[in-house]
Amino acid sequence: MKYLATLISIIILFPVKASSQNFSNFQEIPSLYSIDTIPMLAIAGFKSITEKEFLNYKANQINKIEKDTTIKPDTTGLFRVYTKHSTYELRQSKNYTSSYSNIGYYPQLRAHLIEFTGAGIGEMYLLDDETDDKMTLPSSYDAGIIDLLISPLNQWLLVYSSYDRPDYDSYYDNRSEFFIYKIEKNKGLKGLKPFKYFESDDWSIEEMVWADDKTIALKIYEGIRGEGSQSNGYKFYKNIFE
């Protein structure tokens, strides 16, 4: 099922040519970077921390995304996302069988974040504002990523996703995963360089935050999400990556 993203290519976004602007088909833009070449983060680097420590890190987390309140769907669900050279016309549907949403803009990445929701499938895309390059954010799960986070000094991008039950092997190759990209400033998506990834068969990710520019912190669980007294089942870790 991790390859279901390829099926989304049959769903077409129709970019609308604005005056003096070029355009291209959104789905025909190849996604940048293969996740198969990223070295794995060593499990030995994970250190146990307390819930209080995790919450302190979370309290200092800065949301780097910029919301554009002027981008709103009309009565038919139609809305437009503008880049430097193109205008993309997308449609948001109420039944979410084929629906797009504009999440916001990351100036550190020079990219718009666009979400697609289909029948049991979720995808997130970054769209470069200057080059119209597209990056499909990596996830092995039908629901797509949980979140993407930029480090405090804007040097790293973290992308994570997870399945929420122990029976992952009936559907997926692993239970949770995250990816770290190095950010080369002022280069847009071409400045995102795959650095490290990690996958687990033993636990699911509830939440991740940046502790500092070289440290990530995780809130994880081993049972079924939302079942029983989940608060007693959470564990907390950090990893200082090199």
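Below is a table of values for the structure above.
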item	result
Hits in the stretch 124-151 - residues which are in contact with a Gly (Cβ under 6 Å, 6 or more places away or on another chain) and over 24 Å from T70 (Cβ atoms)	D142, A143, G144
Qualifying residue in the stretch 220-241 (condition: hydrophobic (A, V, I, L, M, F, W, C), under 17 Å from P39 (Cα atoms) and not in a loop (DSSP other than H, G, I, E, B))	yes
Members of the stretch 168-212 that are surrounded by fewer than 19 Cβ atoms within 10 Å (Cβ to Cβ), acidic (D, E) and not in a loop (DSSP other than H, G, I, E, B)	D169, E199, E207, D212
Pair list, Cβ < 7 Å and 6+ apart or interchain, from the stretch 122-149 residues that are among the basic types (K, R) and modelled with pLDDT under 95 to residues that are open to solvent by 10 Å² or more (accessible area, probe 1.4 Å) and assigned to a loop (DSSP other than H, G, I, E, B)	K134/I29
Filter result for F195 (farther than 15 Å from L218 by Cα and either modelled with pLDDT under 90 or in contact with a Lys or Arg (Cβ under 6 Å, 6 or more places away or on another chain) (or both))	yes
Failed condition for I121, given (1) hydrophobic (A, V, I, L, M, F, W, C); (2) touching a Phe, Trp or Tyr at 6+ places or on another chain (Cβ under 9 Å); (3) open to solvent by less than 50 Å² (accessible area, probe 1.4 Å)	(2)
Residue identified as in contact with a Ser or Thr (Cβ under 8 Å, 6 or more places away or on another chain) and crowded, with 17+ Cβ neighbours inside 10 Å among F116, F54, F79	F116
All strands (runs of 3 or more DSSP E) inside the stretch 21-117 with 2 or more residues being closer than 23 Å to M208 by Cα, modelled with pLDDT under 85 and not basic (K, R)	none
Selected residue (criterion: surrounded by the most Cβ atoms within 10 Å (Cβ to Cβ)) from residues of the stretch 135-167 that are among the small types (G, A, S) and not in a loop (DSSP other than H, G, I, E, B)	S162
Residue that is surrounded by the most Cβ atoms within 10 Å (Cβ to Cβ) [pool: residues in the stretch 93-113 that are within 19 Å of the chain's Cα centre (by Cα) and more than 24 Å from E184 (Cα to Cα)]	Y100
Any hit, the stretch 223-230, residues being in contact with a Lys or Arg (Cβ under 7 Å, 6 or more places away or on another chain) and of a type in the set (V, I, T)	yes
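The values are calculated or read from the model by the stated rules, or taken from the named source; none is laboratory data. Small disclaimer: the values here were computed from a predicted structure and weren't measured. Because the Cβ atoms are built from the backbone with ideal geometry, glycine has one as well, and the counts that use them run over all protein chains shown. Calculation scope for accessible area: heavy atoms of the full protein, side chains included, ligands and nucleic acids excluded. Shrake-Rupley method; radii C 1.70, N 1.55, O 1.52, S 1.80 Å.
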